[in-house]
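Enquirer: This is the structure I have questions about; it appears just below.
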Amino acid sequence: MATERWVSATKQPTDLPDPPHGLDPGTDPSLGNALRPTRLDEYIGQAELKERLRIAIEAAKSRSEPLDHLLLHGPPGLGKTTLAHVVASEMGASVKVTSGPALTKGTDLVGALTRLEANDVLFIDEIHRLPVAVEEFIYPAMEDLRIDIAVDAGVHARTVTVTLKPFTLIGATTRAGLLSSPLRSRFGLTHNLNYYEPGELLDILCRSAGLLSISAERDALERVALRSRGTPRIANRLLRRVRDYAQVRTGGVISATTVDEALALEGVDEIGLDEIDRRYLTTIHKTYQGGPVGLEALAATMGEDAGTLADVVEPFLLQRGLVARTTRGRELTKDGTDRVRKVIAGEVWT
Ligand SMILES: Nc1ncnc2c1ncn2[C@@H]1O[C@H](COP(=O)(O)OP(=O)(O)OP(=O)(O)O)[C@@H](O)[C@H]1O
Ligand SMILES: [Mg+2]
């Protein structure tokens, strides 16, 4: 599988805040590509999704056709980019990588599409940030393998149609709700990635520890798994922090106690909440008496970006049942209030 990155796919540093939880893949260079599974069999968890993909891939291959366009959505760090590459590799296809914000004009997309070879995969990360003007070009490309380009203006105006080679578009997004419905409906396969179970995260950690030659006791890795917010990227990042701590403090021995100490130092508590999560919960409790409070007001009080809170912080707190989202805003649940009381009492390190 060849991967070519010919349009900057990185997030724009000027318009995005630093992501919390160390979720920026850019901060994780030694773990990013080295730990990425390349085949479906190595991709841990997401069993139903893998099964559906296996069937779609086998069927497409047996017809010698490209896979139907695929949309992957779910919170950051769950493996959307990884899966896009795995799918391409299973199809024996080359991947061209770009992103919604990098495609600023229709011509950027036209360039990207016309450079595809037959059966290539075009991966568009952050597809919810695709400008409206660019989307217009994508509809006929996805449906009819053609793009209509307007040339000249006024009385000389005419449309030139360019025919494309068969391709698969894979879109990834953390915000499926922001995708226009015409765009969403043009994907033949749409899959949501779910948070991973601790057992699956343990498998991911065992695999990563093996690849990085880290020797750790199984119950130590279990503790890392429980603090990883259901997210492989966080699991791998915490593993790296624990490895550093062990190297400096315990002569390389990674036991359950090492994990507790290393992650306490990182501000990660026993259920994986970190500083921004605790500030989110305590702000609702102290400033808004437990809620309800609107996202914008909460973000302003915390001095954080509302989109970051919605994308990165809230999904896990909602899933853990610490916060509820109602029509009137965000509210602490009973568990959320109990958690805040523990935080305030300084009892979170157990
Ligand atoms: N199912 C999996 N099995 C093993 N490792 C995984 C799995 N999913 C993700 N990973 C690991 O987690 C890291 C993060 O995954 P990835 O970059 O694909 O997430 P993402 O969903 O694209 O995140 P973002 O929304 O921030 O772009 C990868 O480098 C990979 O090592
Ligand atoms: Mg990604």
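Coordinate-derived values only; no laboratory data. Computed from a predicted structure; not experimentally measured. Positions of Cβ are generated from backbone atoms using ideal geometry, with glycine treated the same way; all protein chains shown enter the neighbour counts.
Enquirer: Within the set of other residues whose C-beta is less than 9 Å from the C-beta of Val134, count the net charge using Lys and Arg as +1 and Asp and Glu as -1. Write down the numbers at each step before the final one.
Expert: On the way: positive: Lys105; negative: Asp108, Glu135, Glu136.
That sum, taken over residues with Cβ under 9 Å, equals -2.
Enquirer: Tally Lys and Arg at +1 and Asp and Glu at -1 over the other residues with C-beta under 10 Å from the C-beta of Asp260: what net charge comes out?
Expert: Net local charge, Asp260 excluded: 0.
Enquirer: Separation of the range 35-59 and the range 113-127 by C-alpha centroid, Å?
Expert: About 20 Å separates the Cα centre of the range 35-59 from the one of the range 113-127.
Enquirer: Let me ask another. Tell me, what ³J(HN,Hα) does each residue in the range 173-180 have, in order and in whole Hz, if you take phi through Karplus 6.51 cos²θ - 1.76 cosθ + 1.60 with θ = phi - 60° and put x for Gly and Pro?
Expert: 8, 8, 10, 4, x, 8, 7, 5
Enquirer: Which of Lys61/Lys165; Lys50/Lys80; Lys50/Lys105; Lys105/Lys165; Lys80/Lys334; Lys50/Lys165 have a Cα-Cα distance over 23 Å?
Expert: On the way: Lys61/Lys165 16 Å; Lys50/Lys80 12 Å; Lys50/Lys105 34 Å; Lys105/Lys165 21 Å; Lys80/Lys334 33 Å; Lys50/Lys165 27 Å.
Too far apart for the 23 Å limit: Lys50/Lys105; Lys80/Lys334; Lys50/Lys165.
Enquirer: OK, next. List every residue whose amide H lies under 5 Å from the amide H of Ile254, counting only residues 5 or more places away in sequence or on a different chain, with H placed 1.01 Å from N in the peptide plane.
Expert: For Ile254, whose amide H was placed from the backbone, the distant partners under 5 Å are Glu217.
Enquirer: Using 0.36 nm per residue of separation minus the Cα-Cα distance, give me the extension gain between Arg325 and Leu295 in nm, one decimal. Walk me through the numbers before you get to the answer.
Expert: Values: separation 30, 0.36 × 30 = 10.80 nm, distance 0.97 nm.
The span from Arg325 to Leu295 would gain 9.8 nm if fully extended.
Enquirer: If you plug each phi of the range 54-64 into the Karplus form 6.51 cos²θ - 1.76 cosθ + 1.60 with θ = phi - 60°, what whole-Hz ³J(HN,Hα) values come out, in order, with x for Gly and Pro?
Expert: With coefficients 6.51, -1.76 and 1.60, one gets 4, 5, 4, 5, 4, 5, 4, 5, 5, 8, 6 Hz.
Enquirer: Considering only C-alpha atoms, what is the centroid distance from the range 234-279 to the range 150-218, in Å?
Expert: The range 234-279 and the range 150-218 have Cα centres spaced 31 Å from each other.
Enquirer: Here's something else I'd like to know. Contour minus end-to-end for Glu347 and Arg36, with contour as 0.36 nm per residue of separation and end-to-end as the Cα-Cα distance? List each step's numbers first, then the result.
Expert: Details: separation 311, 0.36 × 311 = 111.96 nm, distance 3.64 nm.
Here the segment from Glu347 to Arg36 would lengthen by 108.3 nm.
Enquirer: Taking the Cβ of Leu189 as the centre, find all other residues whose Cβ is under 14 Å away and add up their charges (Lys, Arg: +1; Asp, Glu: -1). Mind dumping the intermediate values first?
Expert: Values: positive: Lys50, Arg52, Arg54, Lys80, Arg184, Arg186; negative: Glu48, Glu51, Glu58, Glu65, Asp68, Glu90.
Neighbour charge sum, excluding Leu189 itself: 0.
Enquirer: For a quick check: with amide H placed at 1.01 Å from N, whose amide H comes under 5 Å from Leu103's, ignoring anything fewer than 5 positions away on the same chain?
Expert: Amide H neighbours of Leu103: none.
Enquirer: Report the gain in length on full extension from Leu212 to Ala153: 0.36 nm times residue separation, minus Cα-Cα distance, nm rounded to one decimal. Before the final figure, lay out each step's value.
Expert: Values: separation 59, 0.36 × 59 = 21.24 nm, distance 5.86 nm.
Separation in residues times 0.36 nm, less the Cα-Cα distance, equals 15.4 nm.
Enquirer: Still on this structure: Suppose only helical runs count, i.e. DSSP H with n ≥ 4. What mean residue ellipticity at 222 nm does that imply for the chain under -39500 (n - 2.57) per run, divided by all residues and rounded to the nearest 500 deg cm²/dmol? List each step's numbers first, then the result.
Expert: Details: 14 runs with 148 residues, N = 350.
Taking each H run of at least 4 residues, the total per residue is -12500 deg cm²/dmol.
Enquirer: Per residue of the range 273-287, what does 6.51 cos²θ - 1.76 cosθ + 1.60 with θ = phi - 60° give for ³J(HN,Hα)? Whole Hz please, x for Gly and Pro, Karplus curve as stated.
Expert: The phi angles translate into 6, 10, 4, 5, 5, 5, 5, 4, 5, 6, 5, 4, 5, 7, 7 Hz.
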